[in-house]
Amino acid sequence: MRSSCSIVLLSLFCPTLTLAGPCDPATLLLETDVFQLGPGTDPRRVIAEDLDQDGALDLIVAQWGADRVSVQLGVGDGTFSTPVVYTVSDGIGDRPQGLSVADYNMDGHLDLAVGNGENTLSIMLGDGTGALTFGGEYDAGFFVLPSDMISADLDHDNDIDIVVSSEANSVYVLLNNGDGSFAAPVFHPVINSITSIATADINNDTNPDVVVTAGSTNKVFVLYGNGAGSFSTPIGFDTIPVPFDVQIGDMDNDGDLDLVVCTFFAQVAVHLNNGSGNFSTRMDFPCELVPADIKLGDMDSDGDLDVMVATLSNIPASIAMLLNDGSGSLSPQYDFLGSNNARGVTIGDFNGDSGPDVAAVYEVSNFLHIYLNQCPPNFCGCNPADLADPCGVLNFFDVSAYLTAYLNQDPLADFNGDSLINFFDVSLFLTAFNNGCP
């Protein structure tokens, strides 16, 4: 027996919800495009930034083997233009590797800093259209094999400074003069074989701090910033052997920033912050292939940060995903097909659906692969109220589908399974619908 009251309640009190929910991790990323960057380009890094200020993310690749960087402008629907290449200096033996983007000269447009294997740092100035012009270079008198770099306002003067990690034994701080030129690098010794660098305020004192990994040790080092562009003596925390890359993010959702480290020994470590910048609490997780680069993002739209890994593998499954359960504990990895030897990975919303997509570069095949996320935040898991598009989006079409089933006495509307379609079924549908995704 049908109740007209049920119909009225259903029509009046069901909001249209598009809430996040779980997705199938094995099919979460779909490869949608592949770009050949050219023979011998040997790409080492890829980052996603909006260089042309159109609201769509663009891709920048360090082409180590070709002594240049490439830019591909995003359309906003998950597709990209063909690569446009720029030499970063004289184009002979530059070996670009580290990349960082910021508005260094304060003109409202994003610029690019490039760390070169020939022991130089190049500044490429942006004009807001996606084009880059050479804007200066800092030479080998200061750097020895710059491995990575980050940009941040280290001295609180409202311009963006640069910190470069050196594979020799140091980090170098270049304070911005306010016009995109930089003061002479200041040397901070750490230890040999620094492989990566990251920055954030990890001890909650409002000053940017720096974290580095050193492949010659089993430690991750923290240099606490003083707010004037200088740093404390490095403090080391034990980590997995031969650490290669580090990222910073709140892995356990406690409001403090944690560290995620990967190693050549096929592991990923999560170091939980105790709230004061101490990272002694550590959890180790296997990564079946050798990690070369990691990035953090909420890949499955469940509200916590997951880990994407570029792996140095000679089999075609060369990017991996480790899902976070919200406490910082990571799942076994899920692999996604690519080419051989993924060297760099980046995360960003390439198609405007608010879901984190992925781009990865492969140094052997010289390919750039694009992977679109099949689980954007408006994706709903398998809620029983999701009738119109099961395991899809929870919205008015599901309300309409339930009304149709109810009016037709369709068993689909029998939510409590008692073979009677009545107010109790409407109530259960309303509860499921308003609970959102499971």
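Rounded to the nearest 0.05, what FRET efficiency do Thr129 and Leu407 have when you use their Cβ-Cβ distance and R0 = 51 Å?
Result of the calculation: an efficiency of 0.35.
Counting alpha carbon pairs within less than 8 Å and at least 6 residues apart, what relative contact order, in whole percent, applies to the chain?
In percent, rounded to a whole number, it is 16.
Taking all protein chains as present, what is the carbon and sulfur share of the accessible area of the range 71-164, in % to the nearest whole number, probe 1.4 Å?
Whole-percent figure for carbon plus sulfur exposure: 56.
Only four residue types carry charge here, +1 at the Cβ of Lys and Arg and -1 at the Cβ of Asp and Glu. Report the dipole size of the range 259-332 about the Cα centre in Debye, rounded to the nearest 20.
Dipole of the range 259-332, to the nearest 20 debye: 300 debye.
Please list, in order along the range 125-137, the HN-Hα scalar couplings obtained from phi with the Karplus expression 6.51 cos²θ - 1.76 cosθ + 1.60 (θ = phi - 60°), rounded to whole Hz, x for Gly and Pro.
Going residue by residue, I get 8, x, 10, x, 9, x, 7, 10, 10, 5, x, x, 8 Hz, with x marking Gly and Pro.
Per-residue ellipticity at 222 nm for the chain, helices alone: DSSP H runs ≥ 4 residues times -39500 (n - 2.57), over residue total, nearest 500 deg cm²/dmol?
Value at 222 nm, helices only, nearest 500: -2500 deg cm²/dmol.
So, for the range 182-264, what is the accessible surface per residue at a probe of 1.4 Å, expressed in square angstrom?
Accessible surface, normalised per residue, equals 34 Å².
Taking only the alpha-carbon atoms of the chain, what semi-axes of the equivalent ellipsoid follow from 5 times the gyration tensor eigenvalues under a square root, in whole Å, largest first?
For the chain, the ellipsoid semi-axes come out as 45, 24, 21 Å.
At a probe size of 1.4 Å, how large is the accessible area of Arg95, to the nearest 10 Å²?
80 Å²
Can you tell me, using C-alpha contacts under 8 Å and at least 6 residues apart, the relative contact order of the range 173-325 as a whole percent?
Over the range 173-325, the number comes to 14 percent.
If you line up the Cα atoms of the range 260-330 on their principal axes, what length do they span on each, largest first, in Å?
Computed over the Cα atoms, the extents are 41, 27, 15 Å.
Debye sum, Cα scatterers, the range 230-294, no solvent: what log₁₀ I/I(0) at q = 0.16, 0.18 1/Å?
Debye output, listed in q order: -0.52, -0.65.
Build a GNM of the chain with springs between Cα atoms under 10 Å: which of Gln53, Gln409, Gln72 gets the top mean-square fluctuation?
Fluctuation is largest for Gln409.
Sort all Cα-Cα distances of the range 302-369 into consecutive 5 angstrom bins from zero, then give the percent of pairs in each bin up to the one containing the longest distance.
Final binned percentages: 4, 18, 24, 21, 18, 11, 3, 0.
Expressed as a whole percent, how much of the Cα-Cα distance distribution for the range 394-436 exceeds 12 Å?
55 percent
Grab the eigenvalues of the alpha-carbon gyration tensor for the range 29-88, scale each by 5, take roots, and send me the semi-axes largest first in whole angstrom.
20, 14, 9
Provide Rg over Rh for the range 141-277; use the alpha carbon set for both Rg and the Kirkwood Rh (inverse mean inverse pair distance).
0.96
Within the range 263-331, report the chymotrypsin sites (Phe, Trp or Tyr not before Pro) that DSSP leaves as loop and that have at most 12 other Cβ atoms within 10 Å.
Answer by residue number: there is no such site.
Computed FRET efficiency, Cβ-Cβ of Asn204 and Ser400, R0 51 Å: what is it to the nearest 0.05?
Here the calculated transfer efficiency is 0.55.
The values are calculated or read from the model by the stated rules, or taken from the named source; none is laboratory data. For clarity, every value in this text was computed on a predicted model and none was experimentally measured. Please note: Cβ atoms are built from the backbone with ideal geometry, for glycine as well, and neighbour counts cover all protein chains shown. Protein only, heavy atoms only, side chains kept; ligands, DNA and RNA dropped before computing areas. Shrake-Rupley method; radii C 1.70, N 1.55, O 1.52, S 1.80 Å.
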